[in-house]
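Here is the structure we will look at.
The numbers here are math on the coordinates, done by the rules we state, and not lab data. Note that the coordinates shown come from a computational prediction; the quantities given were computed from them, not determined experimentally. Neighbour counts are summed over all protein chains in view; Cβ atoms, including those assigned to glycine, are modelled from backbone coordinates with ideal geometry.
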């Protein structure tokens with residue numbers, strides 16, 4: 001059922017080996033920037049997506065067509081948080097993969113052109129499950145930090161061995177200080193660019209926007225510089 005739901009749709013997996021790099025934010029802004037998209041939160045342990053969109057405590061409606069996505073304008077959002085509300089979830093062993101498959105199988109994806117998957121950090125059952133379901137396009141997120149880049153290389157190497165060419169997104173790469181001045185508080189792009197060259201991956205860098213913090217819980221209302229870069233530089237790789 002899950003495979004059938006994804007047939008004919010472009011699947012995009014936003015992933016990273018490192019936590020705290022802004023993967024869920026990138027997933028949300030990317031899904032909002034694609035026409036006819038559904039965002040599926042496959043981080044079934046922490047469910048950051050519901051927090052970004054202000055959906056905490058809300059339940060998915062279930063119809064004959066399945067689990068109905070939350071609607072935010074043209075975007076549909078599906079999350080385990082819409083089933084368990086704001087309770088934490090502990091899933092031992094392969095149970096995480098089974099929950100993920102069920103979430104996709106019973107979601108009403110309708111006529112969505114794109115399905116954006118927000119994956120948890122690391123290389124676990126989530127990645128293997130998604131590989132079984134569809135041929136996805138990987139978007140790998142890192143920060144410029146040397147530690148982050150070194151950890152993220154595990155994912156890049158894995159994808160390379162699986163014959164996939166990911167897009168590398170360097171989040172929080174710089175801050176525009178005005179008057180043509182740019183600050184790079186987390187380091188320059190050298191480490192990330194070297195990583196991208198090793199795996200023949202295109203690179204997109206996203207800026208720091210302090211105003212984003214005020215949009216947590218209503219990220220669908222944000223239309224600032226980060227979303228602008230996502231529209232201008234990420235979306236063309238995916239459409």
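Some notes on this structure:
- Where N is the number of residues in segment 2-225, Cα Rg divided by 2.2 N^0.38 Å: 1.00
- For the chain, the mean residue ellipticity at 222 nm estimated from helices alone is -9000 deg cm²/dmol, where every DSSP H run of n ≥ 4 contributes -39500 (n - 2.57) and the total is divided by all residues, rounded to the nearest 500.
- Bridge type composition, the chain - antiparallel percent by DSSP, nearest 5: 25 percent
- Separation of segment 1-80 and segment 126-172, taken as the distance between their Cα centroids, equals 18 angstrom.
- Beyond 22 Å, the tail of the calculated P(r) for segment 117-200 holds 32 percent of the Cα pairs.
- Legend: translational diffusion of segment 1-88 by Stokes-Einstein, Rh = Kirkwood radius over C-alpha pairs, 37 °C, 0.692 mPa s; D = 239 µm²/s.
- Percent RCO, i.e. relative contact order, over the chain, from Cα pairs under 8 Å lying at least 6 residues apart: 27 percent
- Between residue 98 and residue 113, the simple spin-label model (points 7 angstrom out along Cα→Cβ) gives 3.8 nm.
- Relative packing of peptides 181-189, 153-161, 14-22, 114-122 - highest average C-beta neighbours within 10 Å first: 114-122, 14-22, 153-161, 181-189
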